[in-house]
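The values are calculated or read from the model by the stated rules, or taken from the named source; none is laboratory data. From a predicted model like this one, the values you see are computed outputs, not experimental measurements. Don't worry about glycine lacking a Cβ; one is built from the backbone with ideal geometry, like all the others, and counts go over all protein chains shown. In case anyone asks, the SASA skips ligands and DNA or RNA and just uses the protein heavy atoms, side chains included. Shrake-Rupley method; radii C 1.70, N 1.55, O 1.52, S 1.80 Å.
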Amino acid sequence: MKETPLSNCERRFLLRAIEEKKRLDGRQTYDYRNIRISFGTDYGCCIVELGKTRVLGQVSCELVSPKLNRATEGILFFNLELSQMAAPAFEPGRQSDLLVKLNRLLERCLRNSKCIDTESLCVVAGEKVWQIRVDLHLLNHDGNIIDAASIAAIVALCHFRRPDVSVQGDEVTLYTPEERDPVPLSIHHMPICVSFAFFQQGTYLLVDPNEREERVMDGLLVIAMNKHREICTIQSSGGIMLLKDQVLRCSKIAGVKVAEITELILKALENDQKVRKEGGKFGFAESIANQRITAFKMEKAPIDTSDVEEKAEEIIAEAEPPSEVVSTPVLWTPGTAQIGEGVENSWGDLEDSEKEDDEGGGDEAIILDSIKMDTGVEVSDIGSQEMVFHHVGQAGLKLLTSDAPIILSDSEEEEMIILEPDKNPKKIRTQTTSAKQEKAPSKKPVKRRKKKRAAN
């Protein structure tokens with residue numbers, strides 16, 4: 001997935017803010033973002049947060065054969081990974097130009113500066129040495145990856161403890177942490193990278209650029225320095241021409257920033273060691289702030305429940321007794337009423353339009369009480385008129401002509417449905433007996449009487 005480019009409006013806005021010596025996050029020109037260091041439960045595991053940029057560092061070791069040209073020196077190996085979890089623009093399984101440049105810069109900063117005594121990693125000359133592997137994983141990308149990665153690498157190396165070993169003749173014995181305390185690495189100094197971003201061909205300078213500022217910068221200068229103001233490595237990229245005074249100015253700023261960061265690292269290491277000795281809780285789970293949603297636990301506030309019943313009785317005694325008067329219903333509109341607990345249901349009078357419908361329907365309908373219907377009706381044609389039988393409540397039927405509108409009603413409620421009759425009405429037969437079938441048995445006995453009289 002390609003990186004979303006900045007629009008021209010965003011680019012102009014950022015450059016104009018930099019010209020006015022303003023930054024989006026409110027920092028000054030030479031200010032660093034907040035640095036937060038947290039350690040895991042195992043030695044050599046840490047997470048460094050530089051603003052929103054997060055890097056996970058993990059150090060591991062193993063016994064291997066040394067290199068032929070350096071038989072008495074251990075091996076240092078650095079590996080930085082840029083996953084899609086950090087930014088969607090990073091492609092997995094591919095060595096991008098940015099990744100190659102960052103790995104080379106880390107090797108020059110940490111391995112070529114001889115910050116770690118590699119000769120102390122030798123167990124048996126020419127046969128067994130310690131290989132120290134530093135894996136760095138970028139968890140979130142918000143600019144200035146190299147500074148966060150260098151801090152994470154040196155912190156993980158300072159925090160790491162390797163197993164203790166003993167050599168008796170040709171036999172090498174490796175001890176577990178329960179048998180012997182692990183041994184820390186021998187570190188001479190702590191080199192830390194400081195990045196400077198240049199804008200408008202070196203006219204403007206920013207320290208610790210974030211991700212948006214990196215998109216609009218013209219060049220980048222990285223200086224690796226320790227607290228003794230010794231430059232370990234320096235790299236310039238972007239194709240801009242820098243003056244000698246600009247480089248000296250950046251080196252002075254880097255010396256101040258490195259001293260502050262080194263003091264922060266030493267303080268974090270001291271606090272972690274103190275907690276582990278006292279037997280307190282440590283690890284990533286304990287470093288999560290309780291105020292965050294992702295916190296595993298919340299501190300419980302102490303509650304005194306000794307006098308709850310007494311306070312409840314006092315509140316009940318002071319409270320006013322409920323009133324026994326039932327409020328009268330309020331009619332908001334005609335045909336509605338208030339319904340609630342302790343209130344009688346009362347409905348208002350019907351609207352005028354509903355009254356007119358009832359009166360008109362009563363004049364046009366003819367009720368036949370003598371005909372009883374069970375479930376349905378039958379419609380038949382008689383000349384040019386149409387006779388319709390339908391229910392009126394449960395009392396009887398209504399007989400309507402084709403000139404009048406058909407009124408269908410299934411209950412005694414006032415809801416009416418009016419349909420216009422069709423021009424060519426069709427016969428609708430139902431399973432129940434119709435009015436015509438009810439009248440037919442009354443004619444047959446009359447014919448039988450006439451035959452009897454003729455016989456007489």
Cα extents of the range 144-289 along the three principal axes, largest first (Å): 62, 45, 25
So how strong a dipole does the range 44-121 carry about its Cα centre when Lys and Arg Cβ are +1 and Asp and Glu Cβ are -1, to the nearest 20 debye? 220
For the range 33-287, what number of Lys pairs, 8 or more residues apart or on separate chains, have alpha-carbon atoms under 15 Å from each other? 6
Taking Rh as the Kirkwood radius, which is the inverse of the mean 1/r over Cα pairs, what is the Rg/Rh value for the range 33-287? 0.99
Semi-axes of the equivalent ellipsoid of the range 204-268: what are they in whole Å, largest first, if each equals the square root of 5 times a C-alpha gyration tensor eigenvalue? 23, 15, 9
DSSP-assigned coil residues among trypsin sites (Lys or Arg not before Pro) in the range 98-144, each with at most 13 further Cβ atoms within 10 Å: LYS114
Which GluC sites (Glu not before Pro) from the range 54-129 combine a DSSP loop assignment with at most 15 other Cβ atoms within 10 Å? GLU127
Tell me which residues come under 5 Å, amide H to amide H, from VAL194 once H is placed; ignore anything under 5 positions away on its chain. ILE223, ALA224, MET225
Between GLU91 and LEU174, 0.36 nm times their residue separation minus their Cα-Cα distance comes to what? 25.9 nm
Relative contact order (%) - criterion: Cα under 8 Å, at least six apart; region: the range 33-287: 20
At what distance in nm do the modelled label points of HIS228 and ASP181 sit from each other, each positioned 7 Å from its Cα along Cα→Cβ? 2.6
Hey, any idea what % of the range 33-287's accessible area is carbon plus sulfur with a 1.4 Å probe? 48
Scan around PHE78 for amide H atoms under 5 Å from its own, H built in the peptide plane at 1.01 Å from N, and keep only partners 5 or more places away or cross-chain. VAL134
Given R₀ = 41 Å, what would the calculated FRET efficiency be for ARG104 paired with ILE303, taking r from the Cβ atoms and rounding to 0.05? 0.10
For the range 33-287, what does the accessible surface come to per residue with a 1.4 Å probe? Please give it in Å². 49
Given H placed 1.01 Å from N in the peptide plane, which residues other than close sequence neighbours of ASP142 have an amide H under 5 Å from its amide H? THR53, ARG54
For the pair ARG133 and LYS244, the simple spin-label estimate (label points 7 Å beyond Cα toward Cβ) gives in nm 4.7
Roughly how many nanometres apart are two label points built 7 Å out from the Cα toward the Cβ at LYS22 and VAL165? 6.0
For the ASN112, CYS9 Cβ pair and Förster radius 41 Å, calculated FRET efficiency rounded to 0.05 is 0.40
